[in-house]
Amino acid sequence: MTHPFQSIEEVTLQEFVLFIKIHHKQIEENVNIYLNLEPAIAESERKRAALLLDSFLRLLTHTNIDELNGEDNYFNTWLQSQLSIIDRKSFHLFQLLFEKSLITFMIQQKSSRTNAVLMYVLSLFLSLVQLYYDGEGENKSSIRLFENQQLRHLQLLDKLDKLLISSSGYQDLAYILNKCEAYFNYKRCVFYAYVPWSNQFYGVIGAELPKVQSMKGELTGENAILSSRKPIYLKNPKNYVKEEHIELFGLSSIIFIPIIRRDQLFGWLTFDQLGEEFDCTKEELALLEEVGKRIGLFLSRKGEKVEKNTELHLTERESMILGLLAEGYDNKKIASLLFLSEHTVRDYVSSLMTKLKAKNRTQVVASAFRIGLLS
């Protein structure tokens, strides 16, 4: 005798995201417990799975529900953003730990919607697995193209190395970023500096400088995309980048590259095509990650050289003005904050440019950051 099929209440994407938003703290606690509970998991796999879980929960908890539309596009965009860390083992471990954490929570809560939510999660991961394997299949069908691409990437890195070796100091960083745009075929490259003691970032170098310098803030949940020390590609930055920032720069697809040297985070580079959507492979992302590492080495070496060969002294007033420059204030605003005339502020800025051997305000901030005056 056959039993009639019982339909299960369906959960929408909006309902699922809202559910995770409400209960994310308890689910995160379960995730952390299961991450550390299984000793058989290799440490490298554990770290990758932890990054995927953290990123996935951040996506769900910081999404504006009213702006959700296509489910496939929403999760596919997230999957693409994890290209630099994801592999089969970490992906399956991520899936297992998320499902176990969610099931444990729902059993504890004796939720009336347990079946509906779990069925949604199963369907969700079925879709994610398909998207992941589709991407793997495309990669396997282009081995020869990959080999040719590897040679080209080595040639590009060689050009970058020669450029960095020939550069005289931090004042050349704007020129270096300009050449990176040309080398790696992007229309815009922007440098965002990181201040560790205050856990803040601020825009320093890039086209349309006033817009770049208006970008600043603390690394909180709203700016979670910068919390990762791995490169991130976003085909669509919506739900990851603030709407006002997307409108300010006319963003479509964008890449974030951390600038790191020996665990010291100097900041980030972003690459985009001035509002045009573009694709990025895992290999291209790895290339740009290497660019970030080499620029990090350049910045660390130049910083050591300046500190050893100069005895730079700033007056208290110069230090105050330097800090306000780093915050992106213009001369008029600085003058009003410090109760000075604009003419006096211009004199102080000129003095800072002379002491830091900078050609403009941007180079003043970049040089001061690198030699430790702003950290």
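The condition (being surrounded by 14 or more Cβ atoms within 10 Å (Cβ to Cβ), modelled with pLDDT of 85 or more, under 29 Å from the mean Cα position of the chain (by Cα) and farther than 30 Å from Leu83 by Cβ) is satisfied by just one residue among Leu325, Leu373, Leu352, Leu285: Leu325. Quick check: is even one residue across region 128-150 out of contact with any Leu (no Cβ under 7 Å at 6 or more places or on another chain), closer than 24 Å to Tyr233 by Cβ and at pLDDT 85 or above? No; the residues of region 128-150 include none that is out of contact with any Leu (no Cβ under 7 Å at 6 or more places or on another chain), closer than 24 Å to Tyr233 by Cβ and at pLDDT 85 or above. Listed by position, the strands (runs of 3 or more DSSP E) enclosed by region 191-266 that each have at least 1 residues that are β-branched (Val, Ile, Thr), touching a Phe, Trp or Tyr at 6+ places or on another chain (Cβ under 7 Å) and modelled with pLDDT of 80 or more are 200-205, 232-234, 254-261. Scanning region 355-370 for residues that are surrounded by fewer than 21 Cβ atoms within 10 Å (Cβ to Cβ) and charged (D, E, K, R) yields Lys355, Lys357, Lys359, Arg361. Note on region 29-45: residues that are part of a helix (DSSP H, G or I) and surrounded by fewer than 17 Cβ atoms within 10 Å (Cβ to Cβ) total 8.
Residue by residue, here is whether (1) surrounded by 13 or more Cβ atoms within 10 Å (Cβ to Cβ); (2) at pLDDT 80 or above; (3) on the phi > 0 side of the Ramachandran plot; (4) not assigned by TED's automatic domain parsing to the domain that holds Ala40 holds:
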position	(1), (2), (3), (4)
Phe94	yes, yes, no, no
Phe98	yes, yes, no, no
Leu124	yes, yes, no, no
Arg152	no, yes, no, yes
Leu160	yes, yes, no, yes
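The values are calculated or read from the model by the stated rules, or taken from the named source; none is laboratory data. The structure presented is a predicted model; accordingly, all values stated were derived computationally and were not measured. Neighbour counts run over all protein chains shown; Cβ positions are idealised from the backbone, glycine included.
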